[in-house]
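The values are calculated or read from the model by the stated rules, or taken from the named source; none is laboratory data. Every value quoted in this text rests on a predicted model; they were computed, and no experiment measured them. FYI the Cβ positions are ideal-geometry reconstructions off the backbone, even for glycines, and counts take in every protein chain you see.
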Amino acid sequence: MGSTDHIVSSFDDELQEIRNAIIEMGGLAASQLESATRALVDRNTDLAQRTIETDAEIDALEKSIDNMAIRLLALRNPVADDLRLVISGLKMASLLERVADYAANMGKRGIALNQAPVIRMVSAIPRMSELVRRMIDDILAAYAQNDANLALDVWRRDQEVDQLYNSMFRELLTYMMEDPRSITSCTHLIFMAKNIERIGDHMTNIAEIIIYQITGNTPTESRPKADITSTTMIENELSLSSTNEGDK
Amino acid sequence: MLAKDMNTVYNDTKSIISAKDVSVFYGEKRALKSVSLDIPENQITALIGPSGCGKSTFLRCLNRMNDTIENCRVEGNITVDGQDIYAPHVDEVLLRARVGMVFQKANPFPKSIYDNVAYAPRIHGLAKNKDELDDIVLASLEKAGLLDEVKDLLNESGTGLSGGQQQRLCIARALAVQPDIILMDEPCSALDPIATAKVEELIEELRKNYTIIIVTHSMQQAARISQKTAFFHLGEIVEIGETEQLFTSPNDKRTQGYITGRFG
Ligand SMILES: Nc1ncnc2c1ncn2[C@@H]1O[C@H](COP(=O)(O)OP(=O)(O)OP(=O)(O)O)[C@@H](O)[C@H]1O
Ligand SMILES: [Mg+2]
């Protein structure tokens, strides 16, 4: 299975080129997330700056994938699994580009944080980042090996990220209430965590794309979704934090 | 076997032709092996498959053109509107008026454009007088999208037209006897992209009033114009399904191999 065995072998080569570029792009996006997270944990402004600059490479890769896909659509008229591979490639490239944007945005916020007084580190962020980075690795493995089951496994895993995000969101709200001077920094952290959570969502999207590419169908079970922060109210947090106080 | 199961799944609209266990022999050679296929009414059904897989043979079964081939024997059951077309009392000439055919190479008679179209209606006595015949000829040319181009040339020879015009003339000729079903065997294979587009546009237009079965070697053409596609391989139907489904997610590896150009 996969992009092999065409009578016209240059067609195989072109499909393989798209696959390789996607995997390269995904690898870069994963390392961008890793750099942005390390820059945050180590308060390393240089690394954060480099993360921001590397984003251009990923943008360039996306453009080259677009060009390859358009060329292939126009010249080869792909159908069936070939068509699915090209369309999936286009969609994945656009999602991976956004993933990298989130990482670059984390870099920017990391730099801003380093200019503010040190605040308590929120351990949930590196943990979330690690979870999501493993999702990226596995999604790329699923893509490279045409493994729909692994893609489905990643698809289901997004829920854990959402749960971590929810608990971290509450934790940061509590900090902000305890010490209003931390509001700016905590807000940056919330947005960084949100960025990571969005990257996890995109892995879910990519998992669906890969499953479609391999099987011709999208997953039928309903999407796992556990991010409830968009409906979380500050009142709830007040009562939550008061129970937290009681725990102390 | 698979083809039969799929048939029932996709058989949602009324089928006008129903072929069951059709086998065709040329002498000892079995060219079609127990093929079953239902053709939905007022839809375009495309038959695709590698050379020699039996597409033309199957198409010719549907209007008994195989009867004209020596040594050719057809087994199985084919009904048009529920009537067995191989029953003894069936008049093949009338059948072929109902089930018209357009061939790969445009084959106008060496007569005037007018006479090309008027030929069959005259034989079948479809017109009571010259006026009625004129009406049939003009209406058929109009339906075939050719009238504007030839209305001042009706007495010129049909063979003097361009390939694409000749093909549309042949379609007009098929339409003149008011068929319900039109069989087309690679009607665009000798045409340039513009002439092909015109014939395709015409085929889509005709679909409103006719049922069309088209054999084509162009995957893109099958995908563009048909609602249903049947993939033939080695005298059997491997897969039959909605065209969109077949070209995006075919069920059978052989279909996938063929349409993506990986056949080995
Ligand atoms: N008149 C004939 N006499 C003997 N064998 C024939 C005759 N017509 C077709 N055949 C054989 O029957 C098989 C099916 O032929 P058919 O013409 O139906 O194929 P096809 O799918 O239309 O191919 P193509 O795409 O090349 O037109 C082939 O093996 C062919 O050699
Ligand atoms: Mg043929």
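Of all residues in the stretch A:1-54, those satisfying the criterion of being outside any helix (DSSP H, G or I) and either among the β-branched types (Val, Ile, Thr) or closer than 21 Å to A:Ile206 by Cβ (or both) are A:Met1, A:Gly2, A:Ser3, A:Thr4, A:Ile7, A:Val8. Among the conditions (1) more than 24 Å from B:Leu191 (Cα to Cα); (2) part of a helix (DSSP H, G or I); (3) among the hydroxyl-bearing types (Ser, Thr, Tyr), B:Ser140 misses just one, which is (1). For the stretch B:97-112, filtered to residues that are among the hydrophobic types (A, V, I, L, M, F, W, C) and within 16 Å of ligand 2 (Cβ to nearest atom), the residue that is farthest from the other protein chains (Cβ to nearest Cβ) is B:Met101.
Each row is one residue, and each column tells you yes or no for (1) within 16 Å of ligand 1 (Cβ to nearest atom); (2) of a type outside the set (S, T, N, Q); (3) free of Cβ contacts under 8 Å to residues at least 12 places away in the same chain; (4) surrounded by fewer than 24 Cβ atoms within 10 Å (Cβ to Cβ).
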{"site": "B:Ser162", "(1), (2), (3), (4)": "no, no, no, yes"}
{"site": "B:Ala176", "(1), (2), (3), (4)": "no, yes, no, no"}
{"site": "B:Cys188", "(1), (2), (3), (4)": "yes, yes, no, no"}
{"site": "B:Tyr210", "(1), (2), (3), (4)": "no, yes, no, yes"}
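Do the conditions hold for A:Val86, that is, is it surrounded by 14 or more Cβ atoms within 10 Å (Cβ to Cβ), modelled with pLDDT of 95 or more and within 14 Å of chain B (Cβ to nearest Cβ)? When the stated conditions are applied, A:Val86 passes them.
Please determine whether any residue of the stretch B:87-95 is within 16 Å of ligand 2 (Cβ to nearest atom) and closer than 17 Å to B:Val24 by Cα. Looking through the stretch B:87-95, none of the residues is within 16 Å of ligand 2 (Cβ to nearest atom) and closer than 17 Å to B:Val24 by Cα. Residue-level analysis places B:Ala197 outside the set of residues that are surrounded by 20 or more Cβ atoms within 10 Å (Cβ to Cβ) and assigned to a helix (DSSP H, G or I). Would the stretch A:196-219 turn up any residue that is closer than 27 Å to A:Arg38 by Cα, at pLDDT below 95 and surrounded by fewer than 17 Cβ atoms within 10 Å (Cβ to Cβ)? No, the conditions are met nowhere in the stretch A:196-219.
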